[in-house]
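Each reported figure results from applying straightforward, stated rules to the coordinates on display, with no laboratory input. On a predicted model such as this, the values are computed, not experimentally measured, just so you know. Every residue, glycine among them, receives a Cβ derived from its backbone with ideal geometry; neighbour counts consider all protein chains shown.
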Amino acid sequence: MNKAYKFRIEPSSGQRLMFAKTFGCVRFVYNHMLADKIKYYEETKQRLNNTPAQYKAEFEWLKEVDSLALANAQMNLQTAYNNFFRSPKGGFPKFKSKKSNRRSYTTNSVNGNIKLDNGYLSLPKVGRIKVKQHRQVPSDYKLKSVTVSQTPSGKYFASILYEYENQVQQITPKTFLGLDFSMHELYKDSNGEEPCYPRYFRTSEKKLAKEQRKLSKMKKGSNNRSKQRVKVARLHEKIANQRNDFLHKQSRQIANVYDCVCIEDLNMQGMAQSLNFGKSVSDNGWGMFVTYLQYKFADMGKQLVKVDKYFPSSQTCSACGYKNAETKNLAIRAWSCPNCGTYHDRDVNAAINIRNEGMRIITA
């Protein structure tokens, strides 16, 4: 199995220049290879298998950067190109813009050319870089590759991919929890509890809008605009970090207590594209929360069960099983069962039904 550790790195001024050069060369090779593929296909209706090596004779400065970074750019382009011909629905590969504020490249570990030791990361063509290593990597893990990235705010990170043998013992579930997605609270569980999600984007929205208005009025290419762009990027980064911190802590608390969590298999992308719910859905980060739950449960040998999105969790009485079609109206937040008289909170009742359906799926 593979596992990635992401650490912040602090390169020197010379190393930052090398990173900038590598980012540029990777983008250059990707764009040139894509342009040649398009031209060759238009002329011959055949696919071109080109490599970065054939460009080094004409552009000698490509030899100054890590060759494996260029090779990975070729692999990424080839994968995207082949995927398009298999399924055009995904879209044709796009050229990489020089103006993009997100930059990255990937290099592979070959014959020990990459090392993480004593708070320093050694990379080809770059040298030893200081790392803020917040956790230790097990000694039996094998280093596979490193992806160096620069955020819009100017920070550098290294995502280090390791390979290890899966020795996780699967646990027979004894404790179950159902989670029903909630637009404002993130979720409500089958115990009637909710995490009280702080809605970080909504609370910072006015401040962010103010800084973005300043940015829009500044002259393109000016130093003041560049500084303001970084300021806006740092605001976005702070919101994302707050959200990630909250979701990681919440998913860890659940993973430590329960053996199995049951959720609905929702189409979050479709919900986010809704004019009424787009910002709220994107703000609470339910998709990220599910991802964090999934890998934490997998590491501990526990289970995350997804119930079909068409399962009538909100319409069914969790006490007697009566199906109340009137609760299709989202405005109804609480209701009493016409059959048994049980009073239900809409979301808590749905979470209980999701938990029970997940238990049925496991034991089926």
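By the Cβ-Cβ criterion of under 4.7 Å, the unpaired cysteines of the chain are 25, 196, 260, 262.
A simple charge model with +1 on the Cβ of Lys and Arg, -1 on the Cβ of Asp and Glu and nothing else charged puts the dipole of the chain at about 2180 debye relative to its Cα centre. Distant-in-sequence amide contacts of residue 324, defined by a placed amide H-H separation under 5 Å and a gap of 5 or more residues or a different chain, comprise 316, 317.
Our coupling estimate for segment 106-122, obtained by passing each phi through the Karplus curve with A = 6.51, B = -1.76, C = 1.60 and θ = phi - 60°, is 10, 10, 9, 7, 9, 6, x, 6, 10, 9, 10, 8, 6, x, 10, 10, 9 Hz, Gly and Pro reported as x. Working note: Karplus 6.51/-1.76/1.60 with θ = phi - 60° gives segment 333-339 the couplings 9, 8, 7, 10, 5, x, 8 Hz, where Gly and Pro are set to x. A dipole drawn for the chain from +1 and -1 charges on Cβ atoms has a positive end, and of 19, 215, 324 the residue lying farthest that way is 215.
Placing a pseudo-label 7 Å from each Cα along the Cα-to-Cβ vector at residue 46 and residue 342 gives an inter-label distance of 6.9 nm. Gap in Å between the Cα centre of segment 215-260 and the Cα centre of segment 151-212? The two parts, judged by their Cα centres, are 13 Å apart. Projected label points at residue 13 and residue 196, each 7 Å from Cα along the beta carbon direction, are separated by 4.9 nanometres.
If packing is taken as the mean number of other Cβ atoms within 10 Å per residue, what is the order of 320-326, 304-310, 280-286, highest first? Before the final figure, lay out each step's value.
Values: 320-326: 11.9, 304-310: 15.0, 280-286: 20.9.
In descending order of packing, they fall as 280-286, 304-310, 320-326.
Normalising by the residue count of segment 202-357, find the relative contact order in percent from Cα pairs under 8 Å and 6+ residues apart.
Values: 141 pairs, mean separation 29.3, N = 156.
Across segment 202-357, relative contact order equals 19 percent.
Expressed as a fraction of 2.2 N^0.38 Å, the value expected for a compact globular protein of N residues, the C-alpha radius of gyration of segment 148-290 is 1.33.
Counting only helical runs of four or more DSSP H residues, what would the 222 nm mean residue ellipticity of the chain come to if each run contributes -39,500 (n - 2.57) and the total is spread over all its residues? Let's see the in-between values first.
Values: 9 runs with 152 residues, N = 364.
Rounded to the nearest 500, the figure is -14000 deg cm²/dmol.
Given the chain reduced to its alpha-carbon atoms as identical point scatterers, what log10 I(q)/I(0) does the Debye formula return at q = 0.06 Å⁻¹? Summing over Cα pairs of the chain leads to -0.33.
Over segment 2-163, with a single point scatterer placed on each C-alpha, what log10 of the ratio I(q)/I(0) does the Debye formula yield at q = 0.16, 0.18, 0.20 1/Å? Reported log10 I(q)/I(0), two decimals: -0.97, -1.15, -1.31. Given the pairs 99/279; 21/238; 45/94; 132/155; 6/279; 94/279, which span a C-alpha to C-alpha distance of over 24 angstrom in this model? Distance filter (> 24 Å) returns 99/279; 21/238; 6/279; 94/279. Working note: Karplus 6.51/-1.76/1.60 with θ = phi - 60° gives segment 287-295 the couplings x, 5, 4, 5, 4, 5, 4, 4, 6 Hz, where Gly and Pro are set to x.
Run the dipole for segment 1-83 about the Cα centre, Lys and Arg Cβ at +1, Asp and Glu Cβ at -1, nothing else charged, and hand back the magnitude in debye, nearest 20. Present the calculation step by step, with values, prior to reporting the outcome.
On the way: 12 positive and 8 negative charges, 72 e Å.
Dipole about the Cα centre, nearest 20: 340 debye.
Across the chain, C-alpha contacts under 8 Å between residues 6 or more apart give a mean separation that, scaled by the residue count, equals a relative contact order of 16 percent.
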